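Peer 1: Please see the structure below; I have some questions.
The values are calculated or read from the model by the stated rules, or taken from the named source; none is laboratory data. For clarity, every value in this text was computed on a predicted model and none was experimentally measured. Here the Cβ positions follow ideal geometry from the backbone for every residue, glycine too, while neighbour counts run over all protein chains shown.
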Amino acid sequence: MTDWTAFAAALGDIPVITERALVRQKSRDFFWYSPILKEQLNRKSADIVVCPRDEAEVIATVALCARHRVPLTVRGGGTGNYGQAVPLNGGVVMDMMALDRIIALEDGALTVEAGRKLIDIDTATRPMGWELRMHPSTKRTATIGGFIGGGSGGVGSITYGGLRERGNVLSARVISCEETPRIVTLRGDEVAAVNHAYGTTGIITQLTIGMAPVQPFIDILITFDDFMDAARCGLTLATAEGIVKKLVTVVADPVPQSFRGLNVPRGKSVVLAMIARQSLTAFGDVIRIAGGTEIMAQDAVWAETTPDATPLYEYTWNHTTLHMLRGDKGVTYLQCLFPPDRGLDLVAKINADLEGELMQHLEFQRSGGRVVYSALPVIRYTTPERLTAIVAHHEDNGILIANPHFYTLEDGAGHKRVGADQPAMKARMDPHALLNPGKMRTYQAKEA
Ligand SMILES: Cc1cc2nc3c(=O)[nH]c(=O)nc-3n(C[C@H](O)[C@H](O)[C@H](O)COP(=O)(O)OP(=O)(O)OC[C@H]3O[C@@H](n4cnc5c(N)ncnc54)[C@H](O)[C@@H]3O)c2cc1C
């Protein structure tokens with residue numbers, strides 16, 4: 001048994017949180033999107049939260065955890081969806097948000113501490129002409145370290161692909177979990193060892209990422225009478241190389257009825273887009289030919305920086321399901337990747353096959369040089385067995401599922417496998433198997 005009072009004392013003046021309610025709050029993320037994970041993770045909590053203020057304090061915390069063989073789960077903004085930052089076996093949650101300094105911005109490459117919030121990166125770099133290439137729809141609360149540790153892509157991926165595309169994450173400074181922690185710098189392809197690894201393969205203290213030139217983006221909302229017309233319009237926009245854009249989302253009726261503040265008329269499906277001002281005429285041509293109706297436009301930077309305004313991206317990606325969940329606790333979601341060679345016909349087939357249970361939501365993005373359709377459909381939840389059958393139906397049709405109803409890397413977001421380099425990295429960086437135990441299933445024997 002760990003004596004937590006003595007543990008906190010051994011940390012000297014590094015800030016800690018021991019108040020039970022707050023510790024429990026800092027042990028949670030958005031796992032409750034899944035009725036299955038809600039059941040499994042609702043009562044999990046750390047014993048103590050440690051809040052280092054710089055890399056030296058991270059190293060001191062890690063060394064103490066290693067000496068006491070205490071589980072250590074790293075946390076950024078705590079906005080992950082699959083219990084990624086939930087400690088399964090208690091121990092320490094290490095809150096990284098005080099490591100928030102910008103180190104350098106040179107030639108479009110930003111070096112930044114892992115705990116800086118994504119919105120605060122753009123606020124600092126936009127005056128210098130650079131902004132994030134991509135961010136999750138949780139930009140206003142999530143950290144850059146948590147995005148690399150737990151995310152995959154998002155707003156901006158229609159131009160730059162996902163986080164894993166070469167050139168998006170240039171290097172990472174990572175701390176090993178040992179009595180005498182080592183600092184390891186990963187460059188280029190090596191970064192994949194910590195990318196989307198849920199903090200199981202090392203603690204990221206600093207990142208260098210590729211940035212994008214600032215563009216004046218406009219949030220635009222378009223309505224359609226028919227979902228497939230909206231989907232075809234989305235695909236036309238997504239593949240229009242000359243139109244500078246950051247977001248192309250398509251959401252089927254009746255989900256937009258839950259978008260508070262947008263006042264989407266009943267019966268309408270929508271396209272939500274972020275388009276650079278210079279491309280508005282070309283965008284207008286696409287919408288006119290597709291038969292859409294523009295019902296809202298706003299300056300994107302104004303919307304994300306003005307109190308009481310809501311950026312359009314906060315209705316897209318995983319926010320879409322959140323809006324539905326606010327008014328209807330009987331829904332959940334899936335994360336799908338449609339095979340691009342089957343076109344939108346497969347989307348139409350799935351919609352028809354699962355009519356009444358599935359409300360479609362497409363996110364167009366680039367991957368490996370082509371436009372692909374990710375989908376985060378809202379699903380009416382009945383039983384675990386039916387959810388499994390819906391997943392199987394997608395897989396039988398050649399659709400990849402990153403199943404958000406599992407908390408392990410292998411079964412959940414990793415398309416059923418851990419990247420080949422991640423177990424090797426874990427062996428190298430976490431010899432006592434203390435980092436976020438239980439999340440890399442192939443390591444459970446050792447952890448036990
Ligand atoms: C409404 C909503 C919308 C979302 N939209 C998107 C989206 O568009 N795209 C997307 O990819 N995700 C999305 N997500 C998931 C999540 O918000 C993002 O992945 C976000 O970037 C996570 O950042 P965070 O700081 O909150 O990380 P946390 O939730 O705190 O952590 C995520 C994972 O990373 C690990 N981690 C955190 N910091 C570090 C570190 N310094 N070193 C090593 N590991 C670390 C944690 O242990 C955990 O496993 C969404 C979630 C919600 C609830």
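Peer 1: Go through (1) in a helix (DSSP H, G or I); (2) more than 14 Å from the ligand (Cβ to nearest atom); (3) not charged (D, E, K, R) and name the single condition TRP32 misses.
Peer 2: (2)
Peer 1: Would you please list the contacts, defined by Cβ atoms under 6 Å and residues six or more apart or on different chains, that run from a residue in region 101-113 that is among the hydroxyl-bearing types (Ser, Thr, Tyr) to a residue that is in a strand (DSSP E or B)?
Peer 2: Partner pairs satisfying both residue conditions: THR111/ILE103; THR111/ALA104; THR111/THR208.
Peer 1: So which pairs qualify, if the first residue must be in region 240-251 and surrounded by 21 or more Cβ atoms within 10 Å (Cβ to Cβ), the second must be charged (D, E, K, R), the Cβ gap must be under 9 Å, and the two must be at least 6 apart or on different chains?
Peer 2: The qualifying pairs are LEU247/ASP219; LEU247/GLU363; VAL248/GLU363; THR249/GLU363; VAL250/GLU363.
Peer 1: Would you be able to say whether some residue in region 69-81 is within 30 Å of LEU322 (Cβ to Cβ), surrounded by 19 or more Cβ atoms within 10 Å (Cβ to Cβ), in contact with a helix residue (DSSP H, G or I) (Cβ under 6 Å, 6 or more places away or on another chain) and modelled with pLDDT under 95? Even if it seems obvious, please write down each step before you answer.
Peer 2: Initially, region 69-81 is screened for residues within 30 Å of LEU322 (Cβ to Cβ), giving 71-81.
Among the residues that remain, those that are also surrounded by 19 or more Cβ atoms within 10 Å (Cβ to Cβ) are: 71-81.
Okay, now just the ones that are also in contact with a helix residue (DSSP H, G or I) (Cβ under 6 Å, 6 or more places away or on another chain), so 72, 76-77, 80-81.
Filter once more, so that each one left must be modelled with pLDDT under 95: 81.
Within region 69-81, one or more residues are within 30 Å of LEU322 (Cβ to Cβ), surrounded by 19 or more Cβ atoms within 10 Å (Cβ to Cβ), in contact with a helix residue (DSSP H, G or I) (Cβ under 6 Å, 6 or more places away or on another chain) and modelled with pLDDT under 95.
Peer 1: State all residues of region 82-114 that are among the β-branched types (Val, Ile, Thr) and within 22 Å of ALA8 (Cβ to Cβ); if no residue qualifies, say none.
Peer 2: Result: VAL86, VAL92, VAL93.
Peer 1: Follow-up question, since we're still on this one. Out of everything in region 412-427 that is in contact with a helix residue (DSSP H, G or I) (Cβ under 9 Å, 6 or more places away or on another chain) and within 15 Å of the ligand (Cβ to nearest atom), what residue ends up being modelled with the lowest pLDDT?
Peer 2: GLY414
Peer 1: Give the residue, chosen from PRO311, PRO384, that is at pLDDT 95 or above, under 24 Å from ASN263 (Cβ atoms) and not β-branched (Val, Ile, Thr). Before the answer, list the steps.
Peer 2: Values: PRO384 fails: under 24 Å from ASN263 (Cβ atoms).
Of PRO311, PRO384, the one residue that is at pLDDT 95 or above, under 24 Å from ASN263 (Cβ atoms) and not β-branched (Val, Ile, Thr) is PRO311.
Peer 1: Right, something else. Tally time: how many residues in region 349-383 are farther than 26 Å from LEU322 by Cβ and either out of contact with any helix residue (DSSP H, G or I) (no Cβ under 6 Å at 6 or more places or on another chain) or part of a helix (DSSP H, G or I) (or both)?
Peer 2: Filtering region 349-383 for residues farther than 26 Å from LEU322 by Cβ gives 349, 352, 368-370.
Filter once more, keeping what is either out of contact with any helix residue (DSSP H, G or I) (no Cβ under 6 Å at 6 or more places or on another chain) or part of a helix (DSSP H, G or I) (or both): 349, 352, 368-369.
Total satisfying the criteria: 4.
Peer 1: Could you list, in sequence order, all residues of region 258-285 that are free of Cβ contacts under 8 Å to residues at least 24 places away in the same chain and farther than 21 Å from GLN360 by Cα? If you could, list the steps in order and put the result at the bottom.
Peer 2: Our first condition is that a residue be free of Cβ contacts under 8 Å to residues at least 24 places away in the same chain; within region 258-285, this holds for 266, 281, 284-285.
Result: THR281, GLY284, ASP285.
Peer 1: Which members of region 149-168 meet the condition of being closer than 13 Å to LEU110 by Cβ and either in the same structural domain as LEU247 (by TED's automatic domain parsing) or surrounded by 24 or more Cβ atoms within 10 Å (Cβ to Cβ) (or both)?
Peer 2: Matches in region 149-168: none.
Peer 1: State whether one or more residues within region 52-59 are within 25 Å of GLU179 (Cβ to Cβ), small (Gly, Ala, Ser) and not in a loop (DSSP other than H, G, I, E, B).
Peer 2: Here is the first cut: in region 52-59, the residues within 25 Å of GLU179 (Cβ to Cβ) are 52-59.
Narrowing further to those that are small (Gly, Ala, Ser): 56.
Checking which are not in a loop (DSSP other than H, G, I, E, B) leaves us with 56.
Among the residues of region 52-59, at least one is within 25 Å of GLU179 (Cβ to Cβ), small (Gly, Ala, Ser) and not in a loop (DSSP other than H, G, I, E, B), which makes the answer yes.
Peer 1: Of the conditions (1) of a type in the set (Ser, Thr, Tyr); (2) surrounded by 21 or more Cβ atoms within 10 Å (Cβ to Cβ); (3) more than 19 Å from GLY150 (Cα to Cα), SER27 clears all except one; give me its number.
Peer 2: Result: SER27 passes all but (3).
Peer 1: Of all residues being closer than 22 Å to TRP4 by Cα and in a strand (DSSP E or B) in region 77-105, which is farthest from the ligand (Cβ to nearest atom)? Just the residue, please.
Peer 2: VAL92
Peer 1: For ARG69, indicate whether it is touching a residue at least 60 places away in the same chain (Cβ under 8 Å) and either of a type outside the set (D, E, K, R) or away from the ligand (no atom under 15 Å from the Cβ) (or both).
Peer 2: Values: touching a residue at least 60 places away in the same chain (Cβ under 8 Å): yes; either of a type outside the set (D, E, K, R) or away from the ligand (no atom under 15 Å from the Cβ) (or both): yes.
For ARG69, the condition - touching a residue at least 60 places away in the same chain (Cβ under 8 Å) and either of a type outside the set (D, E, K, R) or away from the ligand (no atom under 15 Å from the Cβ) (or both) - is met.
Peer 1: Within the group THR138, THR125, THR143, which residue is within 19 Å of PRO307 (Cβ to Cβ) and either in the same structural domain as THR306 (by TED's automatic domain parsing) or modelled with pLDDT of 95 or more (or both)?
Peer 2: Selected residue: THR138, the only one of THR138, THR125, THR143 that is within 19 Å of PRO307 (Cβ to Cβ) and either in the same structural domain as THR306 (by TED's automatic domain parsing) or modelled with pLDDT of 95 or more (or both).
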